[in-house]
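This report refers to the structure that appears directly beneath it.
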Amino acid sequence: MGLILKDRIKETSSTTGQGTLTLGGAANGFRSFADIGDGNITYYCIVDGNTFEVGVGTYTASGTTLSRDTVLQTSAGNTTKITCTGNQEVFVTQPADKNAHNGKAYGYANLFG
């Protein structure tokens, strides 16, 4: 399936450990990962207390899960999955190093040189 990015997608999760996250529903004012579509991949960020993980994951509608396929960055400065404590938020993000935007394509040449 394809890489899908959507705005305002954020859910809670009570999963513990380093495995696939079971999603607990959209946070107030946000949309759920269901908008990504079953079997599609997306960039995600998990925030668990003072730790975070940014990566690529696959959303599965059955069981409403998000797999943690590839970790791109963590708060520890490595690519090892964080250990979730059971009280985390997970949301769709756009990793800075995966963004091709340089400003000039959108007429912002004066702002970005």
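What to note about this one:
- Near Ser14, once Lys and Arg are set to +1 and Asp and Glu to -1 for all other residues with Cβ below 14 Å from its Cβ, the sum equals -3.
- For segment 25-40, 3J(HN,Hα) computed residue by residue from phi via the Karplus equation (6.51, -1.76, 1.60; θ = phi - 60°) reads x, 5, 5, 3, x, 10, 9, 9, 5, 4, 5, 5, x, 4, x, 8 Hz, glycine and proline entered as x.
- With the convex hull constructed from alpha-carbon coordinates only, the chain shows a mean projected area of 8.2 nm² over all directions.
- Expected 222 nm ellipticity per residue - DSSP helices of 4 or more, -39500 (n - 2.57), all of the chain, to 500: -500 deg cm²/dmol
- The chain - charge dipole about Cα centre, Lys and Arg +1 at Cβ, Asp and Glu -1, debye rounded to 20: 220
Coordinate-derived values only; no laboratory data. Since this is a predicted model, take the numbers as computed values, not measurements. Note: ideal-geometry Cβ built from the backbone for every residue, glycine included; neighbour counts use all protein chains shown.
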